[in-house]
Amino acid sequence: MERLQKVIAQAGVTSRRKAEQLILEGKVIVNGNKVTELGTKVDLQHDEVIVEGVPLEKEEPIYFLLYKPTGVISSVDDEKGRKVVTDFIPTDKRIFPIGRLDYDTSGLILLTNDGDFANLLMHPKHEIYKTYIAKVEGVPLREDIKKLEKGIHLEDGRTAPAKVKVSRSDKKKGTSIIEISIHEGRNRQVRRMFEAIGHPVMKLKRENYGFLNLKGLNAGDFRELKPHEVKRLRELAVT
């Protein structure tokens, strides 16, 4: 027997926090009765759970790593009809991306049907580093790099310290390749950080998510995460 909100989240319907909200709003029915108590325990093998009119089915959790190409939306659908990340993974299960990558950013993104797992990885207090390779305009000075490393003031607050390494600078072309690792996930954060030091991003790719990388994959390719990788991600998020 598991707590109702956990069962809803694990079925991939929504996050645990949102599931709690749905219960409190009386939108969840268990065995024909409306349930508004968060402590309620259920077992999908024996109990019928209906969330907002849709019966829950016990789904095995699945976890994917996708090399997202540029020009793809990090969502399950798009009102403008553009390509979305779920288009690349043939499954009849309802999966969704963990976090976002900008439309014009390529690289590693995770998808799952496990709402609890997604919540765990996205929670701000769980510091999982993501590494990006940025091609930027100009050649940043050492003091600019130090600003990124210490944290930069953006309109939505100061960023956490970043790990930064200049891989290559080309004074003739007026461009630099910079590796930057951050553990936050604000909207267009890496691009805004480089804009703040006067070196706008021309091209951006997420290479790593914690210990995971894109080895052996081309843009548009995906693979299923191995059980030990899922376990390690959980441990990373908790420690």
- Note on the structure: Of all strands (runs of 3 or more DSSP E) fully inside the range 139-235, the set with 2 or more residues that are under 16 Å from the mean Cα position of the chain (by Cα) and among the polar types (S, T, N, Q) is none
- Residues that are free of Cβ contacts under 8 Å to residues at least 12 places away in the same chain and at positive phi, drawn from the range 46-69: 53
- Note on the structure: Within the range 63-106, the residues that are outside any strand (DSSP E or B), hydrophobic (A, V, I, L, M, F, W, C) and open to solvent by less than 30 Å² (accessible area, probe 1.4 Å) are 72, 85, 89, 95, 101
- Task: Return the only residue of 32, 26 being in contact with an Asp or Glu (Cβ under 8 Å, 6 or more places away or on another chain), without any contact (Cβ under 8 Å) to a residue 40 or more places away in the chain and surrounded by fewer than 19 Cβ atoms within 10 Å (Cβ to Cβ).
- Result: 32
- Task: Among the numbered conditions (1) assigned to a strand (DSSP E or B); (2) exposed (fewer than 15 other Cβ atoms within 10 Å of the Cβ), tell me where residue 124 comes up short.
- Result: (1)
- Would you be able to tell me the number of residues in the range 218-233 that are more than 10 Å from residue 65 (Cα to Cα) and hydrophobic (A, V, I, L, M, F, W, C)? 3
- Message: Can you pull out every residue in the range 167-211 that is within 22 Å of residue 154 (Cβ to Cβ), modelled with pLDDT of 95 or more and open to solvent by 50 Å² or more (accessible area, probe 1.4 Å)?
- Response: 179, 195, 196, 198, 202, 203, 205
- Task: Pairs only if they're at least six apart or on different chains, beta carbon under 6 angstrom, first in the range 109-134 and closer than 17 Å to residue 161 by Cα and without any contact (Cβ under 8 Å) to a residue 40 or more places away in the chain, second open to solvent by less than 10 Å² (accessible area, probe 1.4 Å) and assigned to a loop (DSSP other than H, G, I, E, B); list them, first residue then second.
- Result: none
- Query: Given the conditions (1) in contact (Cβ under 8 Å) with a residue 12 or more places away in the chain; (2) in a helix (DSSP H, G or I); (3) of a type in the set (S, T, N, Q); (4) out of contact with any helix residue (DSSP H, G or I) (no Cβ under 7 Å at 6 or more places or on another chain), and given that residue 5 satisfies all but one, which numbered condition is not satisfied?
  - Reply: (4)
- Long-range neighbours under 7 Å by Cβ, at least six apart or interchain, first residue on the phi > 0 side of the Ramachandran plot within the range 135-161, second outside any loop (DSSP other than H, G, I, E, B): 138/176; 151/158
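Which of the residues belonging to the range 193-208 are in contact (Cβ under 8 Å) with a residue 24 or more places away in the chain and of a type in the set (Asp, Glu)?
Scanning the range 193-208 gives a single hit, 207.
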- Task: Count, please, the residues in the range 48-62 that happen to be open to solvent by less than 50 Å² (accessible area, probe 1.4 Å), modelled with pLDDT of 90 or more and either assigned to a loop (DSSP other than H, G, I, E, B) or among the charged types (D, E, K, R) (or both).
- Result: 1
- Task: Kindly establish whether residue 134 is of a type in the set (Gly, Ala, Ser), surrounded by 15 or more Cβ atoms within 10 Å (Cβ to Cβ), outside any loop (DSSP other than H, G, I, E, B) and at pLDDT below 95.
- Result: no
- Unmet requirement for residue 15, which otherwise passes all of (1) closer than 30 Å to residue 210 by Cα; (2) polar (S, T, N, Q); (3) at pLDDT below 90; (4) open to solvent by 50 Å² or more (accessible area, probe 1.4 Å): (4)
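The values are calculated or read from the model by the stated rules, or taken from the named source; none is laboratory data. Given the structure is predicted, the values throughout are model-derived calculations rather than measurements. With ideal geometry, Cβ positions are generated from the backbone for all residues, glycine too; neighbour counts draw on all protein chains shown. Just the protein is used for accessible areas: all its heavy atoms, side chains included, with ligands, DNA and RNA removed. Shrake-Rupley method; radii C 1.70, N 1.55, O 1.52, S 1.80 Å.
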